[in-house]
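Okay, structure first, notes after.
Quick note: the coordinates plus some simple rules give every number you see, no bench work behind them. Note that this is a predicted model, so its numbers are computed, not measured. Note that we place each Cβ from the backbone using ideal geometry, even for glycine, and neighbour counts take in every protein chain shown.
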Amino acid sequence: MTEDHMKNDDKSTVAGILTARVTAVHCERYELVCEERVMFGRLKTGVYYGEKAELFPTVGDWVRIQPVEGGDSLITGTLPRRSFFARRDPDPMGGKQQAVAANFETVFIMTSLNKDFNTARLERYLVQAWQSGAVPVVILTKADLCDDPAVQVAEVESVAAGVDVIPMSVVSGEGLDRLDVYLTPGKTIVFLGSSGVGKSSLLNALMGREVMAAGDIREDDSRGRHTTTHRQMFTLPSGAMVIDTPGMRTMGMWDAGDGLGAAFRDVEAVLSQGCRFSDCRHETEPGCAVRSAIDSGTLPAARWRNYQALRQEAKYAEDRAGFLRAKQQRNKSIAQFSRQHQKNGGIRT
């Protein structure tokens, strides 16, 4: 596998500092490429676990490193990201963002044309892709199993305005040539989609050989088994780099921001028209632009409901993150007070 990482773009030093790119994450050990050499690294404890800790690296990140003779290099810093993709920690008690990938130009949002086809999930992926700072492309896989892909293509285009939608089949080769415009030397693409949509099969096709095992599909619901167990970056023969991610059926919203508006431009356009009342709840109020658009068929009711749900979820995540930050700060202040109190000898009577 290491030869797939030997090619890279032209960033091996920054202002004289030795840097490397993260190509895989294995728990606390990071696979790196530096000056066309493959090596491993571990986080420098004082830098990443101190009071002003650096951002933990993820696949695609550029990091500063300190080589160690005969051992793993020390990772001493994470360089600024030009794009970043994250999801909310699946642990309900976590309340933090979970890094997925960094420094990419394009997000291939992959969904299969079988029973797993789900536009609501696609809308969620689109929000996160736009928010990352990259350009989303929707890849409709397994077109060879669909009698009329044009129906699903039209459905996707209705919720993904301005996004390239490409039906394709690894089996027949349909649509693969349409990906070439995104797979140019030095560019990085991240694959995103739930298990069983064909991410590993597409990666193998683009690599020209099998680098990832392709999973089976359960016949009862067309859902796949996890084949990718960790995030990993591969360099294609074309010189483009692909970050493959484990299948994620659900994605907790973390930071929607501008991504929500970009993914729901049609809804935002309706809202920009303005309602009769500034505090309109868009329910039964007279002169409501949203209700008028729904009644006329301009805005599908399901589209509006999905927008509201994602906006509410993003707000909850933002409020929860703020609450946890405040709680951590309170705990920190209490600990500091306790240490100072003990230092002064405690309460004297």
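Derived scalar couplings between HN and Hα for the range 269-283 equal 5, 5, 4, 5, 5, x, 9, 4, 10, 5, 9, 4, 8, 6, 10 Hz in order, rounded to whole Hz, by the Karplus curve 6.51 cos²θ - 1.76 cosθ + 1.60 (θ = phi - 60°), x for Gly and Pro.
Entry for the range 35-181 at q = 0.10, 0.13, 0.15, 0.19 Å⁻¹: log10 I(q)/I(0) = -0.51, -0.76, -0.89, -1.11, Debye formula applied to identical alpha-carbon scatterers, no solvent contribution. Can you flag which of LYS44/LYS315; LYS52/LYS315; LYS142/LYS187 are past 32 Å Cα-Cα? In this structure, LYS44/LYS315 lie more than 32 Å apart at Cα.
If packing is taken as the mean number of other Cβ atoms within 10 Å per residue, what is the order of 155-166, 269-280, highest first?
Numbers: 155-166: 16.6, 269-280: 12.9.
So the peptides 155-166, 269-280, ranked by packing, come out 155-166, 269-280.
Give, as a single signed number, the net charge of other residues whose beta carbon lies under 14 Å from the beta carbon of LEU74, with Lys and Arg counted +1 and Asp and Glu -1. Summing Lys/Arg as +1 and Asp/Glu as -1 gives 0.
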